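The values are calculated or read from the model by the stated rules, or taken from the named source; none is laboratory data. Remember, predicted model here, so these are calculated numbers, not experimental data. Cβ sites come from the backbone with ideal geometry, for glycine too, and all protein chains shown count toward neighbours. Calculation scope for accessible area: heavy atoms of the full protein, side chains included, ligands and nucleic acids excluded. Shrake-Rupley method; radii C 1.70, N 1.55, O 1.52, S 1.80 Å.
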Amino acid sequence: MKQTSLVKELKTFKPDLSWENLKDYFIIILGGILQALAMRFFLVPARLVSGGISGLAQLVDYFIDFPIGTMIFLGNIPLFILGFRYLGAMRFALRTAVAVIAFSFFTNLFGRYIPDTFTNDLILQSLYGGVLYGIGCGLVYRGKGTSGGSDILCRILNHYTGISISQGYLLTDSIVVLAGGFIFGWDVALYGVAVIYISGIAAETIAEGASRFRTAFIITKCPDHVSQFILVNMERGVTVLPATGGYTGQDRPMLFCTLTASEMPKLKAVVSEADPNAFMVVGQANEALGEGFTPFRNN
């Protein structure tokens, strides 16, 4: 019987304890703390369901009084196993696991010691809860991880159905918010939609700046390694362009690809690891049309 890719990765994986990696984990844990603070100070007291596994955990807690942090952790386990291959190499999957554990642990911890909120104003709770939660997610992306939950599920949907990742987020979050509307009321559900929008802007701004999509030109001595990672692990297209160095006169391929803002830290890490002397230019794109992104529509 063939071993699963997860088992193979676990057997061959060797932890990297360099300062750069430890700094990434610190940033991820800090992001998890901020997400937990947003949940406990603003979202949970106001019953603002922001989508994803965390929103689903709020609904479960309402019915059976089950710890929200524990539910976030348990809800991510099957998604993590199913989506392991879409997280990239083990180092990225491990970062996602750390992000989920930190978020779950501190959500439960703060729930025990922070029972009240700063304000009962629903607008302020939506605004500050969305911003703080988004900053937390953005820091997780900065640390080259993902927040689990919707991040993993949207990549699975993209692989099997062709739904773009942005549409996947809209679909999964809308279902949870819709359920929250039936349970907590539609006024609160509408504010939950505002939380999703605000947190998304905050996360993308912290992770990579204001633009949603990124384009990258990469000149490296290891084009095959980088292009294979983009194609296989990130499941994005890559174009190989012939290029000639103006100073050296040497011919070497140049890679071009388009990614979402949250995927760019992962690509930077792979390029840096494969070739520390690589040259990479990252640009902002206002719109991305085609497979994996927004589909073309006939006017």
Being closer than 17 Å to V44 by Cβ and modelled with pLDDT of 85 or more: is that true of Y128 here? yes
Looking at (1) closer than 17 Å to P265 by Cβ; (2) modelled with pLDDT of 85 or more; (3) touching a Phe, Trp or Tyr at 6+ places or on another chain (Cβ under 9 Å), find the lone condition where A99 falls short. (3)
Only one of these is more than 16 Å from the chain's Cα centre (by Cα), farther than 21 Å from C137 by Cβ and open to solvent by less than 50 Å² (accessible area, probe 1.4 Å): T258, T248, T244. Name it. T258
Checked E263, E273 against criteria (among the charged types (D, E, K, R) and over 30 Å from A36 (Cβ atoms)); the one match is E273
Return the pair list, or none, for Cβ contacts closer than 6 Å from residues in region 62-73 that are within 14 Å of V49 (Cα to Cα) to residues that are buried (at least 20 other Cβ atoms within 10 Å of the Cβ) and hydrophobic (A, V, I, L, M, F, W, C), at least 6 apart or on different chains. I68/A57; I72/I53; I72/A57
Residue in region 156-164 that is within 12 Å of the chain's Cα centre (by Cα), at pLDDT below 75 and among the hydroxyl-bearing types (S, T, Y) present: no
